[in-house]
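Below is one structure, written out as structure tokens, with a few remarks after it.
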Amino acid sequence: MVEALLDDKEFGAHYVMITGNAKLVYFKAYYYCDSLPQFCYLFVTNSTDYPLKSINEANSKVIAMLKKMGYRNGCCFIQRDLDYDELNFIEMGYRLDGVTSFHLYKNMLGIDTIKIITDYVLFGKTNEKISPQTGIYDKLGCYL
């Protein structure tokens with residue numbers, strides 16, 4: 001299999017779902033640091049130069065897809081690559097991400113996805129709420 005080389009900007013969108021209601025809680029940009037070995041370090045921030053209008057257009061389609069697929073509770077992420085001003089989906093995970101972004105949005109937004117997932121596994125429901133924030137840039141954060 002031959003795939004296109006991903007050499008432009010990469011973004012990630014994180015969703016939390018409670019009883020079928022999905023919400024985009026975090027949109028991030030990846031900045032790979034020049035190092036040896038290459039791509040050993042990654043700077044991630046939710047402060048991006050990607051147009052909010054395009055994020056919102058894709059967001060409504062992703063939420064519709066999640067509902068159609070029957071996802072009800074938990075979290076997922078979607079990685080996207082910006083290639084010549086076109087946003088392409090490159091990976092999706094219906095799980096916590098490997099770079100532990102869930103810690104950041106717990107501290108920034110008060111959304112505890114570990115508790116949401118654990119509650120559903122143990123009790124079939126949760127009392128957690130999705131943050132009432134109005135926009136994905138209301139609070140800024142980053143990690144290395």
Any chance the range 53-65 includes a residue that's open to solvent by 70 Å² or more (accessible area, probe 1.4 Å), within 13 Å of A13 (Cβ to Cβ) and at pLDDT below 80?
yes
Regarding the range 92-102, can at least one residue be identified that is open to solvent by 40 Å² or more (accessible area, probe 1.4 Å), assigned to a strand (DSSP E or B) and modelled with pLDDT of 80 or more?
yes
Residue tally, condition open to solvent by less than 60 Å² (accessible area, probe 1.4 Å) and modelled with pLDDT of 70 or more, over the range 24-46
12
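The values are calculated or read from the model by the stated rules, or taken from the named source; none is laboratory data. These numbers come from a predicted model, not from an experiment. Counting neighbours? That spans all protein chains shown, and the Cβs are built from the backbone with ideal geometry, glycine included. Ligands, DNA and RNA are stripped out before the accessible areas are found, and what is left, the full protein with its side chains, is counted by its heavy atoms. Shrake-Rupley method; radii C 1.70, N 1.55, O 1.52, S 1.80 Å.
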